[in-house]
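Trainee: Could you have a look at this structure, given as structure tokens, before my questions?
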Amino acid sequence: MDVLEHLTYEAMLGVFTPSRDRRQRIGVELECGLIDPHSGQCVPYWGEYGSGRLLASIAQVFGGEPQCEAGAMLSVALPNGAQCSLELGGALEYSSPPLISLADLVEVTRRDLGRIADLARTLRIAVLPGGMLPFTAVESIPWIPKPRVQIMREYFRDLGPAAASAEAVMGLTLSAQTTFDYLSEADFAEKLRLLVRAAPVAAALFVNSPLEAGLPAGQLSRRMRLWQHVDPSRCGVLGFADEPGLSAGTVVEWALRLPMIYRAKGDRHVRAPRRTFAELIRHGFEDGARPGRADWRSHLSQVWPQVRPRHTLEVRAPDGLNWADFAAVPAFWTGLVYDASVRRDALTMLDAYRLSELDALVGGIATGAMWADLRGEPVGVAATELLRLADRGLRARVANGVEPPAVVGYLDPLWNVAKTGISFAEQVLADWAGPLGERPSAFVEKYRI
């Protein structure tokens with residue numbers, strides 16, 4: 001590639017920087033609905049009992065640094081390195097500081113979100129984790145006052161049927177994302193190959209979004225089904241993870257072929273021309289400017305595959321779990337990713353499957369969870385084997401003195417799914433139709449933080 005006026009190929013590769021900390025860190029991003037505890041509806045941004053007021057309270061009580069856009073506070077940087085920000089539809093995303101110990105990560109997340117939930121109670125707001133906001137309809141999403149929200153909505157509308165579920169995904173779905181470091185180019189390739197292959201299979205263990213607009217959705221993971229209809233060029237399974245010589249350069253070439261959605265211009269966001277990033281490099285934006293490093297970093301945040309590679313590897317596939325079980329998400333992925341022998345054994349098992357058939361699992365898992373078909377047997381067989389490997393990886397961390405023994409117990413909710421074949425979603429549906437009496441207020445009270 002030619003050297004460019006503002007952005008070189010080397011600069012684009014520079015985003016993919018191995019960690020300097022050889023002990024390798026873990027981060028978690030937990031998305032939670034901000035809910036009226038009586039109706040179950042998402043709260044608006046504005047008003048005395050809105051999400052904007054909650055952010056202001058978080059900034060004041062934690063001593064955090066507010067970050068505003070277009071005159072509205074949309075995120076707060078906490079003193080411990082964590083971040084609280086509003087998702088496009090008004091959900092709260094808590095991003096932990098990156099930590100070496102899984103036990104420390106879980107403790108910090110529980111403490112911070114527990115304090116945030118207490119603040120929210122004073123504003124008559126419930127903080128509700130899970131896989132999807134269960135009671136708000138698409139037409140009632142309280143979009144936050146952020147300029148790029150409307151840009152993204154218009155972009156996906158222009159795609160037509162290929163992005164038919166984009167607004168529901170942007171405004172209603174929740175997840176628990178885990179991020180990992182890599183130490184070298186070879187380590188990047190091995191971990192990326194593992195995560196891209198493991199994510200579709202492991203998703204069966206985490207299925208947890210069976211309600212939509214207050215009714216059973218007809219799928220156990222409505223979230224996974226919705227993601228099937230959001231711009232497949234930038235979502236789903238990364239098909240290039242099978243290519244020989246997988247590297248950061250492979251990711252760069254993939255991202256260069258995708259259109260940019262929006263760019264920062266001064267203190268606001270504007271829609272980018274409908275061109276691939278490579279074309280923008282050659283021809284520039286409509287105002288004559290050419291992309292710089294900030295544009296490239298922004299472009300890499302405008303893709304949402306099941307595993308997103310950047311300066312870290314971000315696992316995005318699973319539904320978010322209920323608050324009592326959330327630690328199972330980072331525990332599973334940490335055990336699988338950060339032990340070299342576990343990685344090799346997992347790759348040996350998963351290499352038997354083509355990425356195309358793993359991508360095709362999404363629909364089956366959304367409906368059947370652990371009983372979805374994978375080559376003539378339930379996907380739960382392969383998912384349980386990954387769980388055994390994750391357990392082995394966690395026990396190795398305990399044996400090496402990195403973690404206390406209690407971290408192995410974080411996997412207990414997943415072992416319950418594996419042993420019974422009953423997903424979190426099926427447990428939720430049983431509660432909803434049974435003791436909760438199909439009452440939103442009872443549902444929120446049971447599952448809120």
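Trainee: Can you tell me how many residues within segment 389-407 are surrounded by 15 or more Cβ atoms within 10 Å (Cβ to Cβ) and either on the phi > 0 side of the Ramachandran plot or part of a helix (DSSP H, G or I) (or both)?
Mentor: Number satisfying all stated conditions: 11.
Trainee: Is there a residue being assigned to a loop (DSSP other than H, G, I, E, B), touching a residue at least 60 places away in the same chain (Cβ under 8 Å) and surrounded by fewer than 15 Cβ atoms within 10 Å (Cβ to Cβ) anywhere in segment 54-69?
Mentor: no
Trainee: In addition: Where residues in segment 18-36 are assigned to a loop (DSSP other than H, G, I, E, B) and at pLDDT 90 or above, which of them is farthest from the chain's Cα centre (by Cα)?
Mentor: Result: Asp36.
Trainee: Another question about this same structure. Would you say Ala176 is under 30 Å from Leu246 (Cβ atoms), of a type in the set (A, V, I, L, M) and modelled with pLDDT of 95 or more?
Mentor: So Ala176 passes the test.
Trainee: If only one of Ala204, Ala213, Ala189 is surrounded by fewer than 21 Cβ atoms within 10 Å (Cβ to Cβ), more than 13 Å from Val138 (Cα to Cα), touching a helix residue (DSSP H, G or I) at 6+ places or on another chain (Cβ under 9 Å) and among the hydrophobic types (A, V, I, L, M, F, W, C), which one is it?
Mentor: It is Ala189.
Trainee: So which helices (runs of 4 or more DSSP H) stay within segment 114-212 end to end and still have 1 or more residues that are touching a Gly at 6+ places or on another chain (Cβ under 9 Å), on the phi > 0 side of the Ramachandran plot and aliphatic (A, V, I, L, M)?
Mentor: none
Trainee: Something else: Any residue in segment 187-205 that's within 20 Å of Asp391 (Cβ to Cβ) and touching a residue at least 12 places away in the same chain (Cβ under 8 Å): show its pairings with residues that are basic (Lys, Arg) and assigned to a helix (DSSP H, G or I) at Cβ separation under 8 Å, as long as the two are six or more apart or on different chains.
Mentor: Listed pairs, sorted by first residue: Lys191/Arg343; Leu194/Arg343.
Trainee: Enumerate the pairs (first residue in segment 316-338 and surrounded by fewer than 24 Cβ atoms within 10 Å (Cβ to Cβ); second residue anywhere and hydrophobic (A, V, I, L, M, F, W, C) and not in a helix (DSSP H, G or I)) with beta-carbon separation below 6 Å, excluding pairs fewer than 6 apart on the same chain, so at least 6 apart or on different chains.
Mentor: Trp323/Ile449
Trainee: Six or more apart or on different chains, Cβ atoms under 8 Å: show the pairs whose first residue is in segment 360-376 and under 15 Å from Ala317 (Cβ atoms) and in contact (Cβ under 8 Å) with a residue 40 or more places away in the chain and whose second is of a type in the set (A, V, I, L, M) and in a strand (DSSP E or B).
Mentor: Qualifying pairs under 8 Å: Leu361/Leu374.
Trainee: Let me ask you something else. Does segment 417-430 hold any residues that are surrounded by 15 or more Cβ atoms within 10 Å (Cβ to Cβ) and part of a helix (DSSP H, G or I), and which are they?
Mentor: Residues satisfying the conditions are Val417, Ala418, Phe424, Ala425, Glu426, Gln427, Val428, Leu429.
The values are calculated or read from the model by the stated rules, or taken from the named source; none is laboratory data. Just so you know, these numbers come straight off a predicted model, no measurement behind them. Reconstructed Cβ throughout: ideal geometry from the backbone, glycine too, with neighbour counts over all protein chains shown.
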